[in-house]
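Bear in mind these aren't lab numbers, they're just calculated from the coordinates by the rules spelled out. These numbers were taken from a predicted model, which means no experiment stands behind them. Every residue, glycine among them, receives a Cβ derived from its backbone with ideal geometry; neighbour counts consider all protein chains shown.
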Amino acid sequence: MTKLTAFIAGLLFGLGLLLAGMANPGKVLAFLDLTGAWDPSLALVMVGAIGAAIGPLTWARQQSSSLLGRPMQLPVKRELDPRLIGGSLVFGIGWGIAGICPGPAVAILLTGRWQVIVFMLAMLAGMLLFTALETRRSH
Amino acid sequence: MNVDWLNFTPWSSLAGGALIGLAASLFVVANGRIAGISGLIGSLLQRGSEGVSEKALFLLGLLIAPLLWGLFATLPQIEFKSGWFGLIVAGLLVGIGTRYGSGCTSGHGVCGISRLSPRSMVATACFMFSGFVTVFVLRHLLGS
């Protein structure tokens, strides 16, 4: 059952990205271009998403297991460390260059456009680099 | 500020956003997991992660969403603005940054803010800020 809900959640997530315009890098960049011809649409994506999720997530914060009996795995870390801030700033630079973030990269991968394939390979390389550096640090 | 009203899509963006929020809610409420895409991909790239099948199935659903969409309607416009060099640099920065920052637009921006997590609010402010600055620099200072 949790496999089915995971699959459906991913599918709905992807349909939402496509409907919202988040899967169109040109539209994402138009949102990030505050001083150009600014397209505020993506602010409404955030409003819609948070509006729909805030109730269920508030409920989830008070539970120790999910409705299907799985452990509730919410992040517990609280401190605002340099990794969080530096990593997020670096992510934003990459996002601002191409207008693609990880969700949309997956959601438009099967369109087969060469641009998303190049982006995805570079993103996976970046993630593997992180894993390699972390493994080295912990040894 | 000069709003591009012609390309402004308030209703589809709001509805799409709500669908994203609903999907993230389902994953938390049913599976007890955060729908953070960079975290899901990143953990599948690491050896010994738990919950591999659920994570992989979520990503599979995300992956085939355009195929399902395509059965009923034409896919929305997908317009790329970068060349291969920009895409490689952007992909590397997104990959490294989201892993060091423990999340991306979905994990911090949607799930984290909905959990009222201070870390996610700070992270979202950071990547929005550097996204705005990057576009400003590339488009208006360097004029590419």
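Worth pointing out:
- Chain B, relative contact order [Cα under 8 Å, separation at least 6], %: 26
- Cα shape, region B:38-89, gyration tensor, a/c 1.5 rule: oblate
- Per-residue Karplus couplings for region A:17-32, computed as 6.51 cos²θ - 1.76 cosθ + 1.60 with θ equal to phi - 60°, are listed in order as 4, 5, 5, 6, x, 5, 7, 9, x, x, 6, 4, 5, 5, 6, 6 Hz, Gly and Pro entered as x.
- Once the C-beta distance of residue B:75 and residue B:50 is scaled by a Förster radius of 30 Å, the resulting FRET efficiency is 0.30 to the nearest 0.05.
- Of the residues B:65, A:129, B:126, the one whose Cα sits farthest toward the positive end of the charge dipole of the protein assembly as shown, with +1 on the Cβ of Lys and Arg and -1 on the Cβ of Asp and Glu, is A:129.
- Taken residue by residue and averaged, Cβ atoms of other chains lying within 10 Å of the Cβ of B:120-130 number 6.
- By the helix-only formula, in which each DSSP H run with n ≥ 4 contributes -39500 (n - 2.57) and the sum is divided by residues, chain A has a 222 nm mean residue ellipticity of -22500 deg cm²/dmol.
- Between region A:62-139 and region B:1-41, the Cα center-to-center distance that results, in Å: 16
- Amide H contacts for residue B:9 (H built 1.01 Å from N in the peptide plane; partners 5 or more residues away or on another chain; cut-off under 5 Å): A:41.
- By the beta-carbon count within 10 Å of each Cβ, the least crowded to most crowded order of B:79, B:50, fewest first, is B:50, B:79.
- Inter-chain Cβ neighbour average for residues B:39-50, partner chain, 10 Å: 3
- Under the membrane-span-like helix rule (DSSP H runs whose alpha carbons stretch at least 20 Å along the helix axis, mean Kyte-Doolittle hydropathy 1.6 or higher), chain B yields B:52-72.
- Shielding by other protein chains, A:126-137, mean Cβ within 10 Å: 5
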